[in-house]
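Visitor: After the structure tokens below, expect a handful of questions from me.
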């Protein structure tokens, strides 16, 4: 696919979830978005001319995604786990470690891309990833910024439906 002038290429990770599903719909409806690549563990079950779907099982190692992440303008990372639904160790692994690994490969493949972590009600923000039993605080947002992203945002709205069109998770970074 040839690149259209001024239009964006966006990656959405976790588009089968509530938050990722909203981000996907915004991106597909946004005229400024040329191409949407979804990356997830299972098919999204949707067909659209802008859509490219990539299945990936092991987010502990995102190296295999380097080709799919090449020439992207922005990524919206929505893969996560609900606080209290999994152990503290699993929450940290999914919410923090997977995010940092994905961001590492994105940065190497698309150095000018923006990065955004979105979480839903019951989720946590990257800069608030806390293990209550251990009192440790992870700082993956700062790690992402240190990697040199032109923009690195993290948000956890009460529900993902609170976004207006002007505040869409896509317009914030793309």
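Just so it is clear, none of the values below were taken in a lab; they were calculated from the coordinates. It should be emphasised that the depicted structure is a prediction, and the values quoted were computed from it without experimental measurement. Cβ coordinates were reconstructed from backbone atoms using ideal geometry, including for glycine residues, and neighbour counts include every protein chain displayed.
Visitor: Modelling each spin label as a point 7 Å along the Cα-to-Cβ direction, I'd like the residue 47/residue 86 distance in nm, to one decimal.
Guide: The modelled label-to-label distance comes out at 3.2 nm.
Visitor: Also: Which FRET efficiency value, to the nearest 0.05, do you get for residue 57 and residue 112 by plugging their Cβ-Cβ distance into 1/(1 + (r/R0)^6) with R0 = 25 Å?
Guide: After rounding to 0.05, the efficiency reads 0.35.
Visitor: May I pose another question? As a footprinting exposure proxy, order 12, 44, 39 by other Cβ within 10 Å, with the fewest listed first.
Guide: Placing the least packed residue first, the sequence is 44, 39, 12.
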